[in-house]
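Okay, structure first, notes after.
What follows draws every value from the coordinates through simple rules; no lab data is involved. If you're wondering where the values come from, they're calculated on a predicted model, not measured in any experiment. Ideal geometry is used to build each Cβ from the backbone, glycine not excepted, and the neighbour counts take in all protein chains shown.
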Amino acid sequence: MKRTMAFAYGVGSYLAFLVTFLYAVGFIGNFGVPKTMDSPAPSTWQKALLIDLGLLSLFAVQHSAMARRSFKSLLTRFVPVAVERSTYVLASSLALLLLFWNWQPLGGSVWTVEATVGRAILYGGYAFGWLLVLGATFAINHFDLFGLRQVWLYLQGHPQTKLHFATPFFYRIVRHPLYVGWLCVFWITPTMTFTHLFFATVTTAYILAAIRFEERDLVREHPEYAEYRRNVPMLVPNFARQNKPLRAPHAIQG
């Protein structure tokens, strides 16, 4: 693949991510997009449940399988190493867009907050989740995480280099601030429908499972991560331990 083509591919994959990210804000929040999570249900809840479970499973398999070292090694036999991350980003975006397009609401309501102040607070929490998701990516290296750094190095003819293990601000509080942001996005809502509850439950289960695979890979690639894991909580901050010094130079890959 020519360098200019690889760079264009990386930029295109990043734009696909941006479109998916912005659509997800409206899809989960039920505003501003043609089809949301709680759009009118077109089919029976039994059929909708099977379709939605299949869509979520497809995304989970794609998102986890393509992140494993074995798949990366296989993929880079056919494409340059520089576009491996961009391919992952593009595939994840397409899997999510497929989910948004084919999502089937289940109907029903678990709770609804009617008070204006309460709704405002919950929408604020929802917005905080999205800001935390985005902020956590920039705290490490947003452009590396989404493949732009790799294709830029390739375009310039520079060798691919790995980021140093580091623990910027968010990552000194919890090991996975990105996932904390996603949990806020999934669970904080003024109107919890059965559809939303199902979505939040399944995605939370996926996050908890994915963390185990991700941390196993991080320990293998960065041996110092094992010490970091012993000193920093996974998802729930423990501010009583924040003043405890770490016994080794720590950081996180992302």
Cβ crowding within 10 Å averaged over residues, with 114-126, 214-226, 10-22 ranked highest first: 10-22, 214-226, 114-126
q = 0.09, 0.14 Å⁻¹: log10 I(q)/I(0) that the Debye formula gives for segment 3-241, counting C-alpha atoms only: -0.43, -1.03
Reachable aspartates and glutamates, given that their alpha-carbon falls under 20 Å from the alpha-carbon of residue 162 and they are not under 8 places away in the same chain: 84, 144, 214, 215, 217, 221, 224
Centroid-to-centroid separation of segment 41-90 and segment 1-28 [C-alpha atoms, Å]: 15
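Ordered by packing density, taken as the mean number of other Cβ atoms within 10 Å over each peptide's residues, highest first, how do 103-109, 37-43 rank?
Values: 103-109: 17.6, 37-43: 15.3.
Highest-to-lowest ranking by the protection proxy: 103-109, 37-43.
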Residue among 73, 57, 86 with the largest mean-square fluctuation in a Gaussian network model of the chain, springs linking Cα atoms under 10 Å: 73
Over 19 Å [Cα-Cα, segment 1-103], rounded percent: 52
Dimensions (Å) - segment 160-199, Cα atoms, principal axes, largest first: 45, 25, 11
